[in-house]
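Participant: Structure provided below as structure tokens; questions to follow.
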Amino acid sequence: MEESMKDYEKEIERSFREIHEGDIVSGTVIAVSEEDVTLDLNYYTQGIIKVENLSNDPDFNPKEQLEIGSVIEATVIKCDDGQGNIELSRKEANDVLAWDKLQEMMDKETVTTVRIKESVPSGVVGYLEGIRAFIPASQLSTDYVENTDAWVGKDVEVEVITVDKEKNKLVLSARKVARKKQEEERNHRIAMMVPGTVMEGTVESITGYGAFVSLGNGISGLVHISQISQKRIASVHEVLKEGQKVKVKILNTNDGKVSLSMKALEEVMVDKEEDAPAEEYISNEQASTSLGDLLSKFKL
């Protein structure tokens, strides 16, 4: 077959390309061993990253965390490692590039998974994009966390909440992710509630404008003071108290909020009473006075 210039594009590109120490280059993983990783740099020679220059994470395992064909970036340490290869450091490139990526993750509220490596005072430590990250105990869960040691080795979903390259400070939150999931689940349960349904709940708090009633599964609804009773009341406390069991009717579930009514149930009871048929009076007693007896008393 006739050869063309297109067949030699890669070779021509490689011949003109220059790589210097300190450059950040991109390469495709073509081999992974326990000692190093080999990259195709689209250059006349290969790039080598020794295992100690791969990540700041002390538990980083290249065979588990790098795949053949994946593309990674690294900084040129030496143009010749003594064996004709270019020696690279992924750690150094990561220290430059990771912070921009982490900032982008925070801006986009990206959810990612990290493994907790160790427990430290007031929190735990993991690694994200090769950078040591701190998760305060208060940001581990929606519940209070007392024993952070129990979290070591666990994988948790997190969001980046603080990025400070100058202070080398990276802070993550698992609590933020958990709260969003709880909110999504709650909104889904509310969306499945049908207006008109009668439910039993417990008065959990009373305000000047109404009472909040717990319906279970983390869902509460508001009974506005105007929906408590058919009678006009000056204060919710006239009718309700905290902890009281009540029956309520769902009015609507707009914008993730549940509106309830007790008055609507009273109206139903009144309607039933008004619609009840009048009872016919039937006497089993016989009339004691006949027509003949009545006429006999008149004198003509």
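Participant: Any idea which residue in region 32-69 is modelled with the lowest pLDDT, counting only those that are surrounded by 13 or more Cβ atoms within 10 Å (Cβ to Cβ) and among the small types (G, A, S)?
Facilitator: The qualifying residue modelled with the lowest pLDDT is S55.
Participant: Follow-up. Which residue, of V239, V268, is surrounded by 10 or more Cβ atoms within 10 Å (Cβ to Cβ), of a type in the set (A, V, I, L, M) and modelled with pLDDT under 90?
Facilitator: Only one candidate passes the filter, namely V268.
Participant: Specify the residue that is farthest from R186 (Cα to Cα); the eligible residues are those in region 200-235 that are among the hydroxyl-bearing types (S, T, Y) and assigned to a strand (DSSP E or B). I'd like the intermediate steps shown before the answer.
Facilitator: At the first step, the residues of region 200-235 found to be among the hydroxyl-bearing types (S, T, Y) are 202, 205, 207, 209, 214, 220, 226, 229, 235.
Imposing the further condition that a residue be assigned to a strand (DSSP E or B) reduces the set to 202, 205, 207, 214, 220.
Details: T202: 18, S205: 19, T207: 23, S214: 13, S220: 10 Å.
Selected residue: T207.
Participant: While we're here: Kindly evaluate K108 against the criterion of being under 20 Å from N56 (Cβ atoms) and either loosely packed, with under 14 Cβ neighbours inside 10 Å or among the basic types (K, R) (or both).
Facilitator: Values: under 20 Å from N56 (Cβ atoms): no; either loosely packed, with under 14 Cβ neighbours inside 10 Å or among the basic types (K, R) (or both): yes.
Taking the combined requirement at face value, the residue does not satisfy it.
Participant: Here's another thing I want to ask about it. Could you grab me the full set of residues in region 119-156 that are among the hydroxyl-bearing types (S, T, Y) and crowded, with 19+ Cβ neighbours inside 10 Å? Full working, then the answer.
Facilitator: Start the filter on region 119-156 by keeping residues that are among the hydroxyl-bearing types (S, T, Y), which leaves 119, 122, 127, 138, 141-142, 144, 148.
Listed by number, the residues that qualify are Y127, T148.
Participant: Out of I68, I30, I48, I need the residue that is touching a residue at least 12 places away in the same chain (Cβ under 8 Å) and part of a loop (DSSP other than H, G, I, E, B). Which one? First the steps, then the outcome.
Facilitator: Details: I30 fails: part of a loop (DSSP other than H, G, I, E, B); I48 fails: part of a loop (DSSP other than H, G, I, E, B).
Selected residue: I68, the only one of I68, I30, I48 that is touching a residue at least 12 places away in the same chain (Cβ under 8 Å) and part of a loop (DSSP other than H, G, I, E, B).
Participant: Quick check on region 89-102. Is at least one of its residues assigned by TED's automatic domain parsing to the domain that holds D36, under 29 Å from I77 (Cβ atoms) and of a type in the set (K, R)?
Facilitator: Yes, region 89-102 has at least one match.
Participant: For region 81-143, list the strands (runs of 3 or more DSSP E) that sit wholly inside it and hold at least 1 residues that are of a type in the set (K, R) and within 15 Å of V160 (Cβ to Cβ); which are they?
Facilitator: Ranges flagged: 131-136.
Participant: Return yes when T162 is closer than 29 Å to G218 by Cα and either at pLDDT 95 or above or in a loop (DSSP other than H, G, I, E, B) (or both) and no when it is not. Working first, answer last.
Facilitator: Numbers: closer than 29 Å to G218 by Cα: no; either at pLDDT 95 or above or in a loop (DSSP other than H, G, I, E, B) (or both): yes.
Judged against the criteria, T162 is not a match.
Participant: Condition first: free of Cβ contacts under 8 Å to residues at least 12 places away in the same chain, over 28 Å from A31 (Cβ atoms) and of a type in the set (A, V, I, L, M). Can you find one or more residues in region 127-150 that meet it? Step through it out loud before you land on a result.
Facilitator: First pass over region 127-150, keeping only residues free of Cβ contacts under 8 Å to residues at least 12 places away in the same chain: 143-147, 150.
Keeping just the survivors that are over 28 Å from A31 (Cβ atoms) gives 143-147, 150.
Retained after the next criterion (residues that are of a type in the set (A, V, I, L, M)): 145, 150.
Scanning region 127-150, I find at least one residue that is free of Cβ contacts under 8 Å to residues at least 12 places away in the same chain, over 28 Å from A31 (Cβ atoms) and of a type in the set (A, V, I, L, M), so the answer is yes.
Participant: If you don't mind, there's one more thing I want to ask. Looking at the structure I just gave you, is I72 under 17 Å from G153 (Cβ atoms) and surrounded by 14 or more Cβ atoms within 10 Å (Cβ to Cβ)?
Facilitator: Numbers: under 17 Å from G153 (Cβ atoms): no; surrounded by 14 or more Cβ atoms within 10 Å (Cβ to Cβ): yes.
No, not satisfied.
Participant: Starting from region 174-189, take each residue that is exposed (fewer than 14 other Cβ atoms within 10 Å of the Cβ) and list its partners that are of a type outside the set (G, A, S) and at pLDDT 95 or above, counting only C-beta distances under 9 angstrom and pairs at least six apart or across chains.
Facilitator: K181/E157
The values are calculated or read from the model by the stated rules, or taken from the named source; none is laboratory data. Since this is a predicted model, take the numbers as computed values, not measurements. Counting neighbours? That spans all protein chains shown, and the Cβs are built from the backbone with ideal geometry, glycine included.
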